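No lab work stands behind these numbers, since they all come straight from the coordinates. Bear in mind that the values here come from a model prediction, so they are computed numbers and not experimental data. In this analysis, Cβ positions are derived from the backbone assuming ideal geometry, glycine residues included, and neighbour counts consider all displayed protein chains.
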Amino acid sequence: MIRFVSVVTEDFPHGISFDIHKGDFSAIVTPDGFPEEKLLDLMLGMEKPGSGRITLLGSEITAMTENGLLEIRKKIALLHAGGGLISNLRVLENAMLQLGYNSDKKEDEIRDAAINALNRVGYCGSLDELPGHLTLFERRLVGFARILITEPKLVIYNAAFEGVQEKEREKLANLADQFHRETPGRTSLAITSDKRFLSGLKPDKITGFDQVPK
């Protein structure tokens, strides 16, 4: 599903290698100061390595064209620490956004799916609210609702379980676990700097990076 083989860049001069298997809920635990965003850029084909090979969803992306990468990215959903919302779009518009880009469904269908997803994740605020007026937990719930309606093959949670209250973290972990298990073959990856934030997820595999690359 995801494979890094001796991948070398300016940020990873000594090379990194790891495997994330299809159907697993895996985790990557990084030390403080680790460049997680650079790792994500490599993983999604936003940055090319100096050497090494990267496989994503069964395809080697190291030399893939941008059109090829765009098709693969349509099958991937990402939940950022801040929810990944567009600041000038309202809650419902944010929840509809990705499916609107990646499907031929009518706007009414997408709207209904987004409202159902927001209800499913437990968002209780106004659909017309802007992200700047939401709590961090609410922003993540909206981001998660956007993920639900796209039915991705791979879900990446980047620091998505950190910085919230314990009950809120448990809620997010339960949503992630349920969503992972409801579709056979779906792969989930949590990236965090603290293993404690993985409690409740029960990852199949944990990959740890012990040192910050220099």
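Quick notes on this one:
- Test: residue in segment 166-189 that is surrounded by 15 or more Cβ atoms within 10 Å (Cβ to Cβ) and in contact with a Pro (Cβ under 7 Å, 6 or more places away or on another chain): no
- Of all residues in segment 96-111, those satisfying the criterion of being under 19 Å from R73 (Cβ atoms) and either aromatic (F, W, Y) or in a helix (DSSP H, G or I) (or both) are M96, L97, Q98, L99, G100, Y101, N102, I110.
- Considering (1) farther than 24 Å from S193 by Cβ; (2) touching a residue at least 60 places away in the same chain (Cβ under 8 Å); (3) in a helix (DSSP H, G or I), the lone condition that G68 does not fulfil carries the number (2).
- Criterion violated by G163 - all others in (1) without any contact (Cβ under 8 Å) to a residue 60 or more places away in the chain; (2) more than 25 Å from D19 (Cβ to Cβ) satisfied: (1)
Residues are listed down the side, and each one gets a yes or a no for (1) small (G, A, S); (2) farther than 23 Å from L42 by Cα; (3) assigned to a loop (DSSP other than H, G, I, E, B):
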site	(1), (2), (3)
K167	no, yes, no
L172	no, yes, no
L175	no, yes, no
F179	no, yes, no
T183	no, yes, yes
L189	no, no, no
R196	no, yes, no
L201	no, yes, yes
T207	no, no, no
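- Boolean, S51 is in contact with a helix residue (DSSP H, G or I) (Cβ under 8 Å, 6 or more places away or on another chain), of a type in the set (G, A, S) and either surrounded by fewer than 17 Cβ atoms within 10 Å (Cβ to Cβ) or touching a residue at least 60 places away in the same chain (Cβ under 8 Å) (or both): no
- Contacts under 6 angstrom Cβ, first residue in segment 20-33 being of a type in the set (A, V, I, L, M), partner part of a loop (DSSP other than H, G, I, E, B), 6 or more apart: I20/M1; A27/P203
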